[in-house]
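Peer 1: Would you mind keeping the following structure in view while I ask a few things?
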Amino acid sequence: MKELEGRVALVTGAARNIGRAIALDLAKGGAKVVVTAQSDKAGLDETVAAIVAAGGTAHAMLADVTNEDHVASMFKAALDRFGRLDVLVNNAAVRGETPLAEMTLAEWRRVVAVTLEGPFLCARAALPHLIASGQGSIINIGGLTGYTGAKNRVHVVSAKAGLDGMTKALAHELAEHTITVNLVSPGLIDTVRGKHNPTNPDHHRRHETLLGRRGRPEEVAAMVRHLAGPNGRFITGQTIHVNGGVYLP
């Protein structure tokens, strides 16, 4: 089914894991996809290659979502290449574990900047294009600990909780433009760890899902695709948990 045929999506943090799976699934739905990351050009190229191999269309670019000029250039490139924008997926985030007593202000600001300020800058830059779409959608990617809390993650938990609040505020503000805004919150997903957090976090070791397994990035991507498509147009302002029952709101 190509329910996203003719639409264009931009996915931040799309070099691997959940971001890559989201980009792939949106492309399978027929969307042209712009994929971005701060520095992992090789990962982005792999994402684009996978999309093209499956018959889709994608464009990769490096951009820092905390930098206003980078964000402006990112959306200009998307519009120059594909002529429109219908879907924004704010997936880029920084995670880590540091005790409060050892956490520097610079570390706090780095996490909050990428995870919370980045989606603000991207949503603001995307707004005129999503309005022009007439069927725009913003999908923020949250995180389990934004609802459960977690030890040594005050920066991550605070930023993800703030993203939940931003989702609700934007849903109210953008509804008049027929733009839907939702948050998908993954929990205990089987992903490849990055250089900034090479080991599984403490809360992954402490919790188990009701279904007895870790989730797959593709299962998160399926929900994002649904919200981006025509069958998700009556869903806005919601937080949707994809976590196998590890957390029941």
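Peer 1: Mind ordering 101-114, 174-187 by average Cβ neighbours within 10 Å, highest first?
Peer 2: Top of the packing list down: 174-187, 101-114.
Peer 1: Taking the alpha carbon gyration tensor of the range 118-177, what are the square roots of 5 times its eigenvalues, largest first, to the nearest whole Å?
Peer 2: Taking √(5λ) for each eigenvalue gives 27, 10, 8 Å, largest first.
Peer 1: Cβ neighbours within 10 Å, averaged per peptide: list 3-11, 241-249 in order, most packed at the top.
Peer 2: Descending mean neighbour count gives 3-11, 241-249.
Peer 1: Determine the gain in length on full extension of the stretch Arg124-Glu3; use 0.36 nm per residue of separation and subtract their C-alpha separation, reporting nm with one decimal.
Peer 2: Here the segment from Arg124 to Glu3 would lengthen by 41.0 nm.
Peer 1: Roughly how many whole Å is it from the C-alpha centroid of the range 5-49 to that of the range 101-168?
Peer 2: The distance from the Cα centre of the range 5-49 to that of the range 101-168 comes to 19 Å.
Peer 1: Give me the one-decimal nm value for the distance between modelled label points at Glu173 and Ala132, 7 Å along each residue's Cα-to-Cβ direction.
Peer 2: Using points 7 Å along Cα→Cβ, the separation is 2.1 nm.
Peer 1: Give the lysines reachable from Lys2 as a straight Cα distance under 19 Å; neighbours fewer than 8 places away on the same chain don't count.
Peer 2: Counting by Cα, and skipping residues close in sequence, Lys2 has these lysines nearby: Lys28, Lys32.
Peer 1: If you don't mind, there's one more thing I want to ask. Given the options Gly162, Gly244, Gly149, identify the residue whose Cα lies farthest towards the positive end of the charge dipole of the chain (+1 on Cβ of Lys, Arg; -1 on Cβ of Asp, Glu).
Peer 2: The one lying farthest along the dipole's positive direction is Gly244.
Peer 1: Straight-line reach from Lys151: which lysines have a Cα under 27 Å away, not including same-chain ones fewer than 8 places off?
Peer 2: Correct list for Lys151: Lys160, Lys168, Lys195.
Peer 1: Could you grab the relative contact order for the range 8-242? Cα pairs under 8 Å, six or more apart, rounded to a whole percent. Intermediate values should be presented prior to the final figure.
Peer 2: Working: 450 pairs, mean separation 47.5, N = 235.
Dividing the mean separation by the residue count of the range 8-242 yields 20 percent.
Peer 1: Something else: If each DSSP helix of 4+ residues adds -39,500 (n - 2.57) and the sum is divided by the residues in the chain, what number results at 222 nm, nearest 500 deg cm²/dmol?
Peer 2: -13000 deg cm²/dmol
Peer 1: Next question. Which peptide among 35-47, 137-149 comes first, and what is the full order, when sorted by highest mean count of other Cβ atoms within 10 Å?
Peer 2: Packing proxy ranking, top to bottom: 137-149, 35-47.
Peer 1: Can you give me the Kirkwood hydrodynamic radius for the chain, using every pair of distinct Cα atoms, in Å to one decimal?
Peer 2: After inverting the pairwise mean of 1/r, the radius is 17.9 Å.
Here, each number is a calculation from the coordinates, and none is a lab measurement. What you are looking at is a predicted structure, and each value in this text was computed from that prediction instead of being measured. In this analysis, Cβ positions are derived from the backbone assuming ideal geometry, glycine residues included, and neighbour counts consider all displayed protein chains.
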